[in-house]
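Bear in mind that the values in this text are calculations on the coordinates, not laboratory data. Small disclaimer: the values here were computed from a predicted structure and weren't measured. Note that we place each Cβ from the backbone using ideal geometry, even for glycine, and neighbour counts take in every protein chain shown.
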Amino acid sequence: MYSGEGHLVSIDQLSRESVLSFFSQIEKNKSKGLEYARPVLQNETVVLLFMEPSTRTRISFEIAAQKLGGQTIHVQKEGSSLQKGETILDTFETLHAMGCKNFVFRSPRSEIQEVAEHFGKKIILINAGDGINEHPTQALIDGFTIWEKHQQLEKLKVAIIGDIDRSRVAHSNIRMLNLFGNKPYVSGPPELMRNLDAKQVHIAKNIDEAIADADVVMMLRVQNERKDIAFSHDDKYLQTYGLTQNRLKLAGQKAMVMHPGPFNRGVEIESTVADGEQSVILQQVNNGVWVRMALLEMLHKAAQ
Ligand code: NCD
């Protein structure tokens, strides 16, 4: 999958073939178990530079790096010189001057491209969530989770529901599905779907149309913390736009229910659906470790 830049900034760097061979590699690794892990990151430090909250992304990268024998350092805005007004590039330069070469970066601003261009091949840089722009490792996790069940991403109906405009997860998933010639069905509150491209997605008339006979239903959290759009969900959100048990019947019993997390029970997803038999939410979390191990190993080897 390696594209030569030493970075994973966007799904656009990847080809369909490279994604498929990456998925096969992960499947092989999973079948061998965690003991397969070679200490390829021994004597390496992986910096987890997270300027936004995170549970699954940060911790799964941390576990992945440690399983590969690496050491991890967690840097966040609070408590670092970023809070004193240091620029992000100066923070990267400072850490690089201390010998750090591997960076996993999450920011509320879309700024990873600038960091990638500034450093070129001097560092390995992985996008762990770039403003509302992209979150490529989450899309690789979601794509792999679908592929594990269907052995394809092509001829499937995928519905993506909720706060599409502000979801970097949705943006990366749409790009990845498009790589496979798959145009997902999207739906959500109109205020949160103003920036869609009809070349990339089918804009469904309503959520029921998007979900009907879907193979995959991907739910998204309303990103209230991003203040750019004045939208707040009310008590009716679940019935109007959420995934209830009743609504899931439209998709059928074989549909996979996905959510990148964190999810808000009773807001975009009914609690019983999140915990139900069709939910693969925790499988997505588990695959997060495998995907991130394979990615760290691949980028590290390619940089040798
Ligand atoms: C998402 C994110 O941070 O983009 N979560 C994740 O990384 N799994 C989605 C969200 O915060 O709603």
**Report entry** Three principal axis lengths of the chain [C-alpha, angstrom, descending]
**Finding:** 54, 45, 34
Report task. Report the trypsin sites (Lys or Arg not before Pro) located in the range 44-149 that are in a DSSP loop and have at most 14 other Cβ atoms inside 10 Å of their Cβ, or state none. Result -> ARG109
Requested in this report: Would you calculate, for the chain, the mean residue ellipticity at 222 nm contributed by helices, counting each DSSP H stretch of 4 or more residues as -39,500 (n - 2.57) and dividing by all residues, to the nearest 500?
Outcome: -11500 deg cm²/dmol
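What is the magnitude of the charge dipole of the chain about its Cα centre, with +1 placed on the Cβ of each Lys and Arg, -1 on the Cβ of each Asp and Glu, and no other charges, expressed in debye to the nearest 20?
540 debye
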Query raised in the report: GNM on the chain, C-alpha springs below 10 Å: top fluctuator among SER107, SER80, SER54?
Result: SER80
Query raised in the report: Residue by residue, what Karplus-based ³J(HN,Hα) values in Hz, rounded to whole numbers, does the range 212-225 have, using 6.51, -1.76 and 1.60 with θ = phi - 60° and x for Gly and Pro?
Result: 3, 6, 6, 7, 9, 10, 9, 9, 10, 7, 6, 8, 4, 5
Query raised in the report: Hey, in the GNM for the chain with a 10 angstrom Cα cutoff, which one of LEU179, LEU125, LEU220 fluctuates hardest?
Result: LEU179
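Give, in nm to one decimal, the length gained when the segment between LYS205 and ILE63 is fully stretched (0.36 nm per residue of separation minus the Cα-Cα distance).
Net length gain for the segment: 46.9 nm.
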Report task. Specify which residue in the list MET193, ILE11, SER232 is farthest towards the positive end of the charge dipole of the chain, using unit charges on the beta carbon of Lys, Arg (+1) and Asp, Glu (-1), about the Cα centre. Result -> ILE11
**Report entry** Amide proton proximity set for ARG109, modelled H, under 5 Å, gap of 5+
**Finding:** GLY131
Query raised in the report: GNM, the chain, Cα, under 10 Å: largest mean-square fluctuation among ASN173, ASN195, ASN102?
Result: ASN195
Report summary line: Sorting GLY252, GLY242, GLN283 by the position of each Cα along the dipole of the range 241-290 (Lys, Arg +1; Asp, Glu -1; all at Cβ), the one nearest the positive end of that ordering is GLY252
Requested in this report: Note down the relative contact order for the chain as a percent, whole number, built from C-alpha pairs under 8 angstrom at least six residues apart.
Outcome: 19 percent
Query raised in the report: Where does each of GLU35, GLU117 land when they are ranked from fewest to most other beta-carbon atoms within 10 angstrom?
Result: GLU35, GLU117
Report summary line: Projected onto the charge dipole of the range 36-180 (unit charges on the beta-carbon of Lys, Arg, Asp and Glu, signs +1, +1, -1, -1), the Cα from SER110, ALA128, ASN178 with the largest positive-side position is that of ASN178
Query - Karplus 3J(HN,Hα) series, Hz, for the range 35-48 with 6.51 cos²θ - 1.76 cosθ + 1.60 (x for Gly, Pro) - result: 5, 4, 4, 8, x, 5, 9, 4, 6, 10, 10, 10, 8, 9
